[in-house]
Amino acid sequence: MDTRLPLKIQENINDLGSLARHIAKSSKSSEHILQSARIFAAQEQTILNSEKNLEKIQIQVSHLEFQQVSSIIYPF
């Protein structure tokens, strides 16, 4: 029996193992990228909600300032 054949088989098995590890590592990388994209999208929505809330607060501040000026001009 040729001794090179078992060595070649062992080399192929090692190469397949390396390939499997590389594929697993790559798939985990894409999972991390997908998770980062989801987190980014959630943060974007949070920022938009915060912006809307700040606009509402600014309107309330304007109303309070108007009421304060009105109470100074018309104290009754």
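The values are calculated or read from the model by the stated rules, or taken from the named source; none is laboratory data. Not measured: the values here are computed from a predicted model. Positions of Cβ are generated from backbone atoms using ideal geometry, with glycine treated the same way; all protein chains shown enter the neighbour counts. Note: areas computed on protein heavy atoms with side chains; ligands, DNA, RNA excluded. Shrake-Rupley method; radii C 1.70, N 1.55, O 1.52, S 1.80 Å.
Brief remarks follow.
- Ordering Ala37, Ile57, Ser18 by Cα displacement along the dipole of the chain toward the positive end leaves Ser18 in first place; charges were set at the Cβ atoms of Lys, Arg (+1) and Asp, Glu (-1).
- Helix axis angle, 4-73 relative to the chain longest principal axis, alpha carbon, degrees: 0 degrees
- (1) 11.4, 38; (2) 32.8, 111; (3) 29.9, 99, with the label sought being that of the calculated Rg and Dmax of the Cα atoms in Å: (2)
- Atom-type composition of the exposed protein surface of the chain places 64 percent of the accessible area on carbon and sulfur (1.4 angstrom probe).
- Surface exposure of the chain, expressed per residue as accessible area with a 1.4 Å probe, stands at 97 Å².
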